[in-house]
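This report concerns only the one structure given below.
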Amino acid sequence: MTNASLIDFTLYLADSTLILGQRNGDWCGHGPVLEQDIAITNVTLDLIGQSRSFYQYAAQLIGNGCTEDQLAYWRNEREFKNALLCERPNGDWAQTILRQTFFSFYQRELFTQLLHGADTTLSAIAEKSLKEVRYHCRWSSEWVCRLGDGTQESHERMLAAVENLWPYVGELFVAAPYETALQIDTATLKSNWMDAITAVFTEATLPPPSLTSTFMHTGGKNGQHTEALGYLLAELQYVQRSYPGCEW
Amino acid sequence: MEHHNLEQIFQDKIDQEIKIEPRDWMPDAYRKTNLRQISQHAHSEIVGMLPEGNWISRAPSLKRKSILLAKVQDEAGHGLYLYAAAETLGQSREQMIEDLHSGRAKYSSIFNYPTLTWADMGAIGWLVDGAAIMNQVMLTRTSYGPYARAMVRICKEESFHQRQGFEVLLVLSKGSDAQKAMCQDAINRWWWPALMMFGPRDGESTNSDMSMKWKIKRKSNDELRQQFVDMIAEQVKLLNMTLPDEKLRWNDSKKHYDFGDINWDEFWQVVKGNGPCNKERLAARKKAWEEGRWVREAASAYAAKQKQKQQAA
């Protein structure tokens with residue numbers, strides 16, 4: 001394992017959590033009911049917190065006075081390594097919930113592997129984050145059930161969300177070179193994740209998904225994104241870049 | 001029991017500083033005044049999430065993003081306690097929300113002003129939350145029990161927000177020239193609207209007399225406003241900034257700061273719906289509520305199905 005792979009992998013984890021957090025943050029003040037406005041903001045706060053831990057670690061590995069904010073605010077579209085799933089637009093509550101469920105269950109499996117990985121810092125961040133991620137899995141999958149098995153309208157919206165987001169889950173299980181270097185076992189990740197998601201879908205009265213019958217987009221892990229990311233970063237980064245070299 | 005006896009017992013309790021609780025007898029006007037005030041306060045927390053929520057996506061550092069998210073989330077929490085306190089007076093949250101959307105219920109006019117730069121996040125924390133605290137500290141001793149208890153929790157978080165807001169401005173005030181200018185500009189724009197938050201002058205405030213007698217309020221609008229001016233006029237010195245009022249100066253005989261005239265035309269225009277963002281704020285609330293309808297319906301339908309399953313099992 002080279003230091004470069006470790007940095008890239010850590011940035012992949014940092015970028016994915018930041019970008020999903022940035023998306024979820026748009027719900028704050030606009031949720032469907034006050035209690036859920038609070039709940040999704042909790043998830044968002046956890047994701048931003050996780051991204052900070054990963055960025056701080058990446059900054060430390062890079063050295064030369066690099067900081068978390070330099071990594072979050074001063075890299076461009078082609079340098080971000082987040083999974084494509086994380087940058088997909090919020091859509092309605094069904095899309096947001098399903099995106100969260102897919103990602104949280106993926107995080108749960110990935111972080112469980114990292115617990116036993118060679119890098120002790122990543123293990124420690126994974127251990128701390130897993131407590132949050134388990135709650136995210138519960139909260140979001142309960143909503144998949146409510147919407148899937150709620151009304152006709154909510155069921156239809158959930159089906160539309162599956163159709164929309166499913167083509168972005170395949171990428172999670174295609175190992176990037178830095179994941180191979182870190183010996184991430186994507187095959188086990190994939191089968192555990194599929195079992196968990198299938199169970200949620202069954203409970204939610206949604207048709208069982210299949211990873212083989214749909215075309216899957218890839219590229220995010222290596223810096224090739226959808227059009228959506230550029231707009232997101234423009235908004236996220238603009239203050240820092242308008243006033244370079246300032247403390248905030 | 002005779003009605004005037006009930007009213008006497010009620011007033012005796014108030015005079016002896018015994019809290020009025022939901023099941024106690026209370027005059028209709030007391031119930032209505034509290035309901036109006038608590039629901040208005042709840043709506044203010046919820047609408048108040050919008051101007052600051054604007055800047056979550058653009059916060060200039062990850063640390064600031066986290067702090068701002070947590071702050072706006074706290075406001076949602078405050079809204080929740082307050083709706084719960086208001087519900088003890090016999091109105092449902094849904095009804096209160098409908099009243100907000102139809103314009104029957106009001107919220108604090110301050111949230112009809114726009115957040116134009118990052119420095120506004122500091123100015124809101126320092127000035128708007130600062131003004132709100134003056135009122136809220138008083139309300140921890142208000143006569144209606146559920147409202148007073150909600151206020152105790154809220155005040156702890158609000159004073160934290162005020163310090164965070166001040167700290168945002170403090171960093172800007174020590175920063176580049178552009179940051180200093182941004183800081184001063186935000187103070188200039190938020191100062192007068194913050195003073196208006198205390199409401200009309202004492203002689204012109206319609207709900208004040210009974211509210212004082214019933215100890216819903218314990219200080220007049222002008223008393224609270226003066227207290228606020230005295231506090232901020234000192235704190236602004238720590239920022240090396242100024243308040244946009246040429247008449248502001250220490251009056252040694254009164255032991256208070258004198259300050260200039262508030263633009264009451266502007267105040268009433270904003271109350272009437274003609275502020276810079278009245279339409280946008282209400283539209284955003286209505287949109288969230290309407291777009292959330294199918295979600296709430298799905299949750300109810302699911303809960304009913306689960307209950308049925310449990311009963312069948």
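Values in this text are rule-based calculations from the coordinates and carry no lab data. All values derive from a computational prediction rather than experimental measurement. Don't worry about glycine lacking a Cβ; one is built from the backbone with ideal geometry, like all the others, and counts go over all protein chains shown.
The mean count of C-beta atoms from other chains within 10 Å of the C-beta of residues in A:150-158, rounded to a whole number, is 5. Quick check for you: which residues of the stretch A:150-183 have the amide N under 20 Å from the point 7 Å beyond the Cα of B:A303 toward its beta carbon? Residues A:150-155 fall inside that zone.
Length available on full extension from A:A234 to A:S5: 0.36 nm per residue minus the Cα-Cα distance, which gives 79.7 nm. Among the GluC sites (Glu not before Pro) in the stretch B:6-63, those located in a DSSP loop and surrounded by at most 11 other Cβ atoms within 10 Å of their own Cβ are B:E17.
For the pair the stretch B:74-149 and the stretch B:1-70, the centres of their Cα atoms are 7 angstrom apart.
Using the Cβ-Cβ distance between B:M210 and A:T214 with R0 set to 60 Å, the FRET efficiency works out to roughly 0.35.
Projecting the Cα atoms of B:Y113, B:Q164, B:A123 onto the charge dipole of the stretch B:94-223 (Cβ charges, centred on the Cα centre) puts B:Q164 farthest toward the positive pole.
Evaluated with a Cβ-only charge set (Lys, Arg +1; Asp, Glu -1), the stretch A:3-242 carries a dipole of roughly 320 debye about its Cα centre, given to the nearest 20. Can you tell which of B:R293, B:R218, B:R58 shows the greatest fluctuation in a Gaussian network model of chain B with Cα springs below 10 Å? Fluctuation is largest for B:R293.
Applying both filters, DSSP loop and at most 16 other Cβ atoms within 10 Å, to the trypsin sites (Lys or Arg not before Pro) of the stretch B:83-112 gives B:R104, B:K106. Can you give the calculated 222 nm mean residue ellipticity of the protein assembly as shown, where each DSSP H run of n ≥ 4 adds -39,500 (n - 2.57) and the sum is split over every residue, rounded to the nearest 500 deg cm²/dmol? Using -39500 (n - 2.57) per qualifying helix, the result is -21500 deg cm²/dmol.
Hydrodynamic estimate: the Kirkwood radius of the stretch A:1-71 over Cα pairs, inserted into Stokes-Einstein at 10 °C and 1.306 mPa s, corresponds to D of 123 µm²/s.
Each part gets one Cα centre, and for the stretch A:160-206 versus the stretch A:1-48 those centres are 18 Å apart. With the biggest extent put first, the Cα atoms of the protein assembly as shown measure 77, 68, 39 Å across the principal axes. Annotation for B:R249 and B:A283: the two label points, set 7 Å from Cα along the Cα-Cβ direction, are 4.6 nm apart. Taking the stretch B:109-138 and a reference point 7 angstrom along Cα→Cβ of B:W268, the backbone N atoms nearer than 19 Å belong to B:109-110.
Between the stretch B:219-278 and the stretch B:155-179, the alpha-carbon centres lie 19 Å apart. On the basis of the beta-carbon distance and an R0 of 35 Å, A:A118 and A:E203 show a calculated FRET efficiency of 0.45. When you work out D = kT/(6 pi eta Rh) for the stretch A:102-248 at 4 °C and 1.567 mPa s, using the Kirkwood radius from C-alpha pairs as Rh and the Stokes-Einstein form, the result is 74 µm²/s. Distance check, please: which entries in A:K221/B:K156; B:K65/B:K247; B:K217/B:K287; A:K128/B:K279; A:K131/B:K305; B:K71/B:K272 exceed 32 angstrom between their Cα atoms? Beyond 32 Å: A:K221/B:K156; B:K65/B:K247; B:K217/B:K287; A:K128/B:K279.
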